[in-house]
Amino acid sequence: MDKIQINGGRKLAGEVFISGAKNAALPLIAASILVDGTCEFTNVPDLIDIHSIRLLLEDLGARCTFDNHVMTVDGSGIHKIEAEYDLVRKMRASILVLGPLVARFGHAKVSLPGGCAIGARPVNMHLTGLEALGAKIDIYHGYIEARAEKLTGSEIYFDTPTVTGTENLMMAAVLAKGKTVLRNAAREPEIVCLADALSRMGAKISGAGSAIITIEGVPHLSPAQVTVIPDRIETGTFMVSAAATRGNVLIKGCDPHHIGGVINKLKASGAEVEIYDDRIRVKGVEHVRSVDITTLPYPGFPTDMQAQFMALMCIADSTSIIHESIFENRFIHANELMRMGADIMLSRANIAKVKGVAELQAAPVMASDLRASASLVIAGLIAKGTTLISRVYHMDRGYEAIEEKFCALGADMQRIR
Ligand code: EPU
């Protein structure tokens, strides 16, 4: 298994270009199940998770190509309605094929995604939403089976905003008969990207980006060409890396509107942040101030940036309180950061008290999930000595060409195979 070795202590400087967003590309690719024809997606990141969903669609009978960040998906040959365990277990987001399969074929069987390192991550709201649209749901032998001759529009209220839940139900409702209203819907930019794509395919959707999304069902959708939005979490990861190494980095090809929660907290920590149309410059300062964060659904501070921000707070001037309110077990990186000399106290209520230390020390550490691995990379970049991060396959699921991008900014980082 690959490892990443970092000789820490270098300030990052230069420019980095942001890739397309994994979490926007995945639902777009799943949405092509709804279309009898070929959709084309540009700015698709070259990542393990993208290849996982491509393999899943090909197993269902779709024909896909991927070249130079352009993916085409021809859904006309889809003949299978079952997403098998071996494909779903590799990536939880495979649940995104459930809504489109029932919408188009009236029948879907998808392996029930299990929990993952960061939490139990149930899909109950995806299922009650589909039931509200008239699907009959059965769960047996580890599979979800959904059947509906024709889905019918309905009012759906989410107990809490769910990103993939909102996406699944939007995709199910676009071909349903009549009107669907999703209330307390997720408002993430990835939802807006999907709604725009579905609209280009001929769907009638309004309100995406707000808590109430209205969908008027249409009889069929047509192929479309769609560009994936820039990855706001990759953007935030480079922003925090620049601040943590006291560097000066221009982050290009991003959307600053999508990362306001992180910009706000970085400024409060003392970093200089300059914002342009599609670029952000972050200049780190010697004296990092401790700031508190609470993760929240968009537009709040993203849970997917909590681990990286914690790495920065490890070298801040006083104590930072970090509250993870989305996932119940998303502090595994804290124990690894402590092995690097961080002073962190974890409490049961998903709160971490991070007391800044003068410096971190290099150590062998282990990544537990995608964003935890980014946190350890940032810690490795600031620590004295050589840090060796194992289980970096987590990182390869969501960060494209990560060591190339960091090395171009002056990091001393290499992959050990
Ligand atoms: N939840 C339920 N029931 C459901 C669905 C969700 O209780 O039916 C709970 C979850 O357990 C969690 C909260 O609702 O406590 C929000 O979870 P959400 O459903 O929004 O998460 P998700 O859709 O499974 C997406 C991203 C995650 C990101 C979260 C939160 C994709 C493919 N994944 O997951 O991304 O952390 O939203 O923003 O879009 C990552 O990229 O590293 C990542 C984990």
If you take the residues of the stretch 343-352 that are of a type outside the set (Asp, Glu) and loosely packed, with under 15 Cβ neighbours inside 10 Å, which of them is modelled with the lowest pLDDT?
348
If the requirement is being of a type in the set (S, T, N, Q), more than 23 Å from residue 329 (Cβ to Cβ) and within 14 Å of the ligand (Cβ to nearest atom), which of these qualifies: 128, 164?
128
Quick one: which helices (runs of 4 or more DSSP H) sit completely within the stretch 1-101 and have at least 2 residues that are under 20 Å from residue 190 (Cβ atoms) and within 13 Å of the ligand (Cβ to nearest atom)?
22-31, 48-60
Residue 320 meets each of (1) in contact (Cβ under 8 Å) with a residue 60 or more places away in the chain; (2) surrounded by 23 or more Cβ atoms within 10 Å (Cβ to Cβ) with one exception, condition (1)
Please verify whether the stretch 200-215 includes one or more residues that are of a type outside the set (Val, Ile, Thr), closer than 17 Å to residue 326 by Cα and open to solvent by 50 Å² or more (accessible area, probe 1.4 Å).
no
Matching residues, the stretch 42-64, being open to solvent by less than 10 Å² (accessible area, probe 1.4 Å) and under 19 Å from residue 399 (Cβ atoms)
44, 45, 47, 49, 50, 53
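The values are calculated or read from the model by the stated rules, or taken from the named source; none is laboratory data. No experiment lies behind these values; they were computed from the predicted model shown. Here the Cβ is made from the backbone with ideal geometry for all residues, glycine too, and neighbour counts use every protein chain on show. Ligands, DNA and RNA are stripped out before the accessible areas are found, and what is left, the full protein with its side chains, is counted by its heavy atoms. Shrake-Rupley method; radii C 1.70, N 1.55, O 1.52, S 1.80 Å.
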